[in-house]
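Peer 1: Here you go, one structure.
The values are calculated or read from the model by the stated rules, or taken from the named source; none is laboratory data. On a predicted model such as this, the values are computed, not experimentally measured, just so you know. Note that we place each Cβ from the backbone using ideal geometry, even for glycine, and neighbour counts take in every protein chain shown. Side chains are part of the model used for accessible areas, which takes the heavy atoms of the whole protein and leaves out ligands, DNA and RNA. Shrake-Rupley method; radii C 1.70, N 1.55, O 1.52, S 1.80 Å.
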Amino acid sequence: DYMKTKFPGFTSMDNALTTNVDVSGSCNAFYDGSSINFYMAGSGCTSYALVADVVYHEYGHGINDKYYQSQGSFFLNGAMGEGYADVWAMGITGNPVLGEGNSQAIPTEFIRRYDIDPKIYPQDIIGEVHSDGEIIAGAWWDLGQNFGDLQQMMDLYAATFDATITGTDGNEGEVYVDILVEALLIDDSPANGGDGDITNGTPNDIDIVDAFDKHGITLLS
């Protein structure tokens, strides 16, 4: 339902998505192209099927996957995919802390958090998709803070999907800059009060450039 507020004409997720719970294993969940799957409780973790924003994250993978396919493309970059799944979750919850409730012993333990200790390109790239994805997800979260309106950010975020920006793993720097440029291009469209020429600025360029710059994503990259 939330996704439909951003992509009202998108129909490829208009189905009951198969959901498997208590899958063998612990402390994880995954989307496999046709279902979302949640491991059983164990190893100190609750069943992630009971952690709402983990559910939103896994469904977010489905949105990313199916929307790009609907545009004739594929969502290739693993770090971008993980970060973008987190953005969908934060769009619903309005909360930069993801995965609270994942621990059986520590109620306040979380999986990822975006309002402190921002991850920055390139020094925080480690070749692990969840960690590297925090760079781009953090940029979008900070943009929502700059706007003072999380849904304004989510509208711009969703609008960048039509460009089907992607890239192979290891090319996060190029991919993340392409996302920044696309955000500026959309912001400068006449429909958004711009003139279609980002070289003379865009209506919200200070907010956009600042948010991405906090994570090392700049037009000079």
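Peer 1: Got a sec? Which of SER35, SER26, SER12, SER70 is of a type outside the set (A, V, I, L, M, F, W, C) and farther than 26 Å from TYR157 by Cβ? Please lay out each step first, then the result.
Peer 2: On the way: SER35 fails: farther than 26 Å from TYR157 by Cβ; SER12 fails: farther than 26 Å from TYR157 by Cβ; SER70 fails: farther than 26 Å from TYR157 by Cβ.
Among SER35, SER26, SER12, SER70, only SER26 is of a type outside the set (A, V, I, L, M, F, W, C) and farther than 26 Å from TYR157 by Cβ.
Peer 1: Further question: List pairs: first residue in the range 159-172 and closer than 16 Å to GLY78 by Cβ, second residue among the β-branched types (Val, Ile, Thr) anywhere in the structure, Cβ distance under 8 angstrom, at least six positions apart or on different chains.
Peer 2: These pairs meet every condition: ILE165/VAL175; ILE165/ILE179; THR166/VAL175; GLY167/VAL175; ASP169/VAL129; GLU172/ILE125; GLU172/ILE135; GLU172/ILE136.
Peer 1: Exactly one of these conditions fails for ALA89: (1) farther than 20 Å from ASP210 by Cα; (2) without any contact (Cβ under 8 Å) to a residue 40 or more places away in the chain; (3) part of a loop (DSSP other than H, G, I, E, B). Give me its number.
Peer 2: Every condition holds for ALA89 apart from (3).
Peer 1: Also: Please go through (1) within 20 Å of the chain's Cα centre (by Cα); (2) at pLDDT below 95 for TYR31 and return the number of the only condition it doesn't satisfy.
Peer 2: Every condition holds for TYR31 apart from (2).
For every residue, the table says whether it meets (1) over 24 Å from THR168 (Cα atoms); (2) open to solvent by less than 60 Å² (accessible area, probe 1.4 Å).
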residue	(1), (2)
THR46	yes, yes
TYR68	no, yes
GLY72	no, no
PHE75	no, yes
GLY78	no, yes
ASN95	yes, yes
ILE116	yes, no
LYS119	no, yes
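Peer 1: Tally the residues that are aliphatic (A, V, I, L, M), farther than 24 Å from ASP213 by Cα and touching a helix residue (DSSP H, G or I) at 6+ places or on another chain (Cβ under 7 Å), restricting the search to the range 92-130.
Peer 2: Residues in the range 92-130 being aliphatic (A, V, I, L, M), farther than 24 Å from ASP213 by Cα and touching a helix residue (DSSP H, G or I) at 6+ places or on another chain (Cβ under 7 Å): 1 in total.
Peer 1: Check TYR56 against each of (1) open to solvent by less than 10 Å² (accessible area, probe 1.4 Å); (2) under 20 Å from GLN151 (Cα atoms); (3) among the aromatic types (Phe, Trp, Tyr) and name the one condition it does not meet.
Peer 2: Here TYR56 meets the rest and fails (1).
Peer 1: Assess whether TYR31 counts as being aromatic (Phe, Trp, Tyr), touching a helix residue (DSSP H, G or I) at 6+ places or on another chain (Cβ under 6 Å) and closer than 28 Å to THR164 by Cβ.
Peer 2: Working: aromatic (Phe, Trp, Tyr): yes; touching a helix residue (DSSP H, G or I) at 6+ places or on another chain (Cβ under 6 Å): yes; closer than 28 Å to THR164 by Cβ: yes.
Yes, satisfied.
Peer 1: Identify all residues within the range 18-28 that are of a type in the set (A, V, I, L, M, F, W, C), open to solvent by less than 50 Å² (accessible area, probe 1.4 Å) and more than 23 Å from the chain's Cα centre (by Cα); write none if there are none. Spell out the reasoning first.
Peer 2: Within the range 18-28, the first condition is being of a type in the set (A, V, I, L, M, F, W, C), and the residues that meet it are 21, 23, 27.
Pick out the ones that are also open to solvent by less than 50 Å² (accessible area, probe 1.4 Å) and you get 23, 27.
VAL23 - this is the single residue of the range 18-28 that is of a type in the set (A, V, I, L, M, F, W, C), open to solvent by less than 50 Å² (accessible area, probe 1.4 Å) and more than 23 Å from the chain's Cα centre (by Cα).
Peer 1: Which residues, taken from the range 67-126, are touching a strand residue (DSSP E or B) at 6+ places or on another chain (Cβ under 7 Å) and acidic (Asp, Glu)?
Peer 2: ASP86, GLU109
Peer 1: Please identify the pairs in which a residue from the range 124-135 that is acidic (Asp, Glu) has its Cβ atom under 7 Å from the Cβ atom of a residue that is surrounded by fewer than 16 Cβ atoms within 10 Å (Cβ to Cβ), counting only partners at least 6 apart or on another chain.
Peer 2: Listed pairs, sorted by first residue: ASP132/ILE126.
Peer 1: For the range 192-206, give me each residue that is acidic (Asp, Glu) and farther than 17 Å from PHE147 by Cα. Give the derivation first.
Peer 2: If we filter the range 192-206 for residues that are acidic (Asp, Glu), which is where we start, we get 195, 197, 205.
Residues satisfying the conditions are ASP195, ASP197.
Peer 1: Take the range 24-41 and flag every residue that is assigned to a loop (DSSP other than H, G, I, E, B) and touching an Asp or Glu at 6+ places or on another chain (Cβ under 9 Å).
Peer 2: From the range 24-41, those assigned to a loop (DSSP other than H, G, I, E, B) are 24-28, 32-34, 40-41; that's our starting set.
If the condition is that a residue be assigned to a loop (DSSP other than H, G, I, E, B) and touching an Asp or Glu at 6+ places or on another chain (Cβ under 9 Å), then GLY33, MET40, ALA41 are the ones that fit.
Peer 1: With modelled with pLDDT of 95 or more and more than 17 Å from the chain's Cα centre (by Cα) as the only criterion, which of GLY138, GLY170, GLY144 stands out? Give the steps one after another, and end with the answer.
Peer 2: Working: GLY138 fails: more than 17 Å from the chain's Cα centre (by Cα); GLY144 fails: more than 17 Å from the chain's Cα centre (by Cα).
Just a single option satisfies the conditions, and that option is GLY170.
Peer 1: Please indicate, with yes or no, whether at least one residue in the range 95-112 is outside any loop (DSSP other than H, G, I, E, B), closer than 21 Å to GLY133 by Cα and in contact (Cβ under 8 Å) with a residue 24 or more places away in the chain. If you could, list the steps in order and put the result at the bottom.
Peer 2: Pass one, the range 95-112, residues outside any loop (DSSP other than H, G, I, E, B): 97-98, 103, 112.
Add one more test, that the residue is closer than 21 Å to GLY133 by Cα, and what stays is 97-98, 112.
Narrowing the set further to residues that are in contact (Cβ under 8 Å) with a residue 24 or more places away in the chain leaves 98, 112.
There is at least one residue in the range 95-112 that is outside any loop (DSSP other than H, G, I, E, B), closer than 21 Å to GLY133 by Cα and in contact (Cβ under 8 Å) with a residue 24 or more places away in the chain.
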